[in-house]
Amino acid sequence: MPAPRPGSRATEAQIALAISGIGIGKLIGPVVAGFLSDRLGRRPMIMTSLAMNVVFFVGMAFSTNYVIGFILSLWFGIANAFLDSGAYPALMESFPRKAGSANLLVKAAIAIGQLLLPILVAGGLFWQTSFYGAAALLALILVAMFFVKFPDREQAPQKSEGQSPAPAGSVPGAKLSVEGVALVIFGFTSTGAFWLAQQSLPGMGQNLAGMSSSEASRLVSVYAIGSLLGVFVNAALVARWVRPTTLLIINPIMTTIAYVLLLTSENPVLYSISAFMVGYFAAGGLFQLTVVVLAEFFPANKGVVTSAIGFASGLAAFVLPFLTSVILGDATGEALRGPYQTVVWLGIVVSVASALLGLLVRFRHRAVFSAPVATAAEVTAGR
């Protein structure tokens with residue numbers, strides 16, 4: 001966790017402030033990251049991010065107060081935006097016919113890391129060791145980047161089987177003001193759906209289903225398992241049978257159903273099922289699939305596309321927790337039941353909005369790509 005080292009005597013509020021720098025950095029970084037990626041190339045962005053991450057992890061190992069922690073967290077958030085703007089487009093250009101599956105593997109790696117690191121730390125791994133280890137590993141990857149061959153984005157394949165070649169900029173008929181805006185908003189609402197669950201599931205379990213503190217805390221673990229499983233299943237689906245645009249409809253609908261169950265049921269078993277469903281359908285790689293679909297419409301600007309979705313996602317990660325804190329206010333005890341019901345309603349609203357946006361994108365996708373698509377994961381990897 002990006003927090004000052006033990007012994008710095010930082011308060012909980014100061015630690016929270018230090019951590020908030022990540023979110024702020026993820027809002028600042030996309031403003032320039034996508035533009036630079038499309039102008040300078042993917043390799044420079046990835047290598048810059050790796051170098052920035054090495055500085056972050058080494059710096060955190062020696063951080064002595066929350067101010068330094070905040071600055072480093074801000075730095076880390078910007079580095080994350082740089083990495084996204086380079087890595088996701090590079091994957092789409094390297095595997096144009098498997099772009100959905102390739103990008104979902106990134107989500108899988110993230111989920112595995114989030115699962116393993118707490119286990120290692122809980123198992124006795126010295127807190128500084130994790131920072132040193134991450135810095136060393138990233139430094140090795142940085143060196144490897146000098147020798148890795150990247151696809152020439154100017155010469156990347158321009159046509160997926162069964163589709164027409166994409167011109168520079170966007171495919172014929174694509175409208176930035178329609179599907180472009182819809183997909184960026186989808187990046188906000190879909191991220192909001194799983195952030196609400198991630199932050200509020202224990203509180204929902206305790207105050208709406210009467211679960212004990214330990215039982216309610218396990219809902220987050222169930223959610224995490226659903227998320228990890230969802231990534232691998234979705235990757236398999238888009239590699240073979242299912243269009244990414246289909247999942248942009250189905251997953252939000254199923255997430256809505258899960259939130260409705262959280263609102264209408266007080267059964268702990270159903271709460272566990274709902275937590276799994278939100279993890280599976282909302283946090284199972286929708287961000288990565290949204291990037292792939294938007295890049296289909298606008299293949300020449302994959303860096304900007306990734307940054308636009310990243311900005312919307314980062315904004316949701318800030319706005320939704322803030323709204324939750326406002327809704328809960330100073331309520332305690334039994335008075336929390338009403339506010340948590342409102343939080344669930346908020347989850348329903350963003351999930352329904354995601355489903356409607358997904359329907360619009362699906363309609364526009366059919367209109368723009370009138371030629372049959374041979375495989376679900378194929379995307380136009382334009383110039």
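Any chance region 236-252 includes a residue that's touching a Ser or Thr at 6+ places or on another chain (Cβ under 8 Å), free of Cβ contacts under 8 Å to residues at least 40 places away in the same chain, surrounded by fewer than 20 Cβ atoms within 10 Å (Cβ to Cβ) and farther than 25 Å from Gly23 by Cβ?
Looking through region 236-252, none of the residues is touching a Ser or Thr at 6+ places or on another chain (Cβ under 8 Å), free of Cβ contacts under 8 Å to residues at least 40 places away in the same chain, surrounded by fewer than 20 Cβ atoms within 10 Å (Cβ to Cβ) and farther than 25 Å from Gly23 by Cβ.
Search region 206-222 for residues that are more than 20 Å from Leu328 (Cβ to Cβ) and pair each with any residue that is not polar (S, T, N, Q) when their beta-carbon atoms are under 6 Å apart and the residues are at least 6 apart or on different chains.
Val222/Ala275; Val222/Phe276
Answer yes or no as to whether Val278 is among the β-branched types (Val, Ile, Thr), crowded, with 24+ Cβ neighbours inside 10 Å and closer than 21 Å to Thr255 by Cβ.
Yes: the conditions hold for Val278.
Can you tell me which residue is modelled with the lowest pLDDT among those in region 115-148 that are part of a loop (DSSP other than H, G, I, E, B), over 21 Å from Phe62 (Cβ atoms) and in contact with a helix residue (DSSP H, G or I) (Cβ under 9 Å, 6 or more places away or on another chain)?
Val148
Which one of these is touching a Ser or Thr at 6+ places or on another chain (Cβ under 6 Å) and crowded, with 24+ Cβ neighbours inside 10 Å: Gly205, Gly187, Gly192, Gly230?
Testing whether each residue is touching a Ser or Thr at 6+ places or on another chain (Cβ under 6 Å) and crowded, with 24+ Cβ neighbours inside 10 Å leaves just Gly187.
Anything in region 269-313 that is of a type in the set (A, V, I, L, M) and within 26 Å of Ser217 (Cβ to Cβ)? List them, or say none.
Correct list: Val269, Leu270, Ile273, Ala275, Met277, Val278, Ala282, Ala283, Leu286.
If you go through region 58-79 one residue at a time, how many are among the β-branched types (Val, Ile, Thr) and either in contact with a His (Cβ under 7 Å, 6 or more places away or on another chain) or buried (at least 21 other Cβ atoms within 10 Å of the Cβ) (or both)?
The qualifying residues number 1.
Give region 15-36 a look and list any residue that's over 18 Å from Leu50 (Cβ atoms), of a type in the set (A, V, I, L, M, F, W, C) and in contact (Cβ under 8 Å) with a residue 12 or more places away in the chain, or say none.
Ile15, Leu17, Ala18, Ile19, Ile24, Leu27, Ile28, Val31, Phe35
I'd like the full set of residues that are in contact with a Gly (Cβ under 8 Å, 6 or more places away or on another chain) and surrounded by fewer than 18 Cβ atoms within 10 Å (Cβ to Cβ), limited to region 315-330.
Phe318, Val319, listed by residue number.
Could you please find all residues in region 73-97 being more than 21 Å from the chain's Cα centre (by Cα) and closer than 16 Å to Ile19 by Cβ?
none
Can you find, within region 80-102, the residue that is farthest from Leu27 (Cα to Cα) among those that are buried (at least 23 other Cβ atoms within 10 Å of the Cβ) and hydroxyl-bearing (Ser, Thr, Tyr)?
The selected residue is Ser101.
The values are calculated or read from the model by the stated rules, or taken from the named source; none is laboratory data. What you see is a predicted model, and the numbers here were worked out from it, not measured in a lab. Cβ sites come from the backbone with ideal geometry, for glycine too, and all protein chains shown count toward neighbours.
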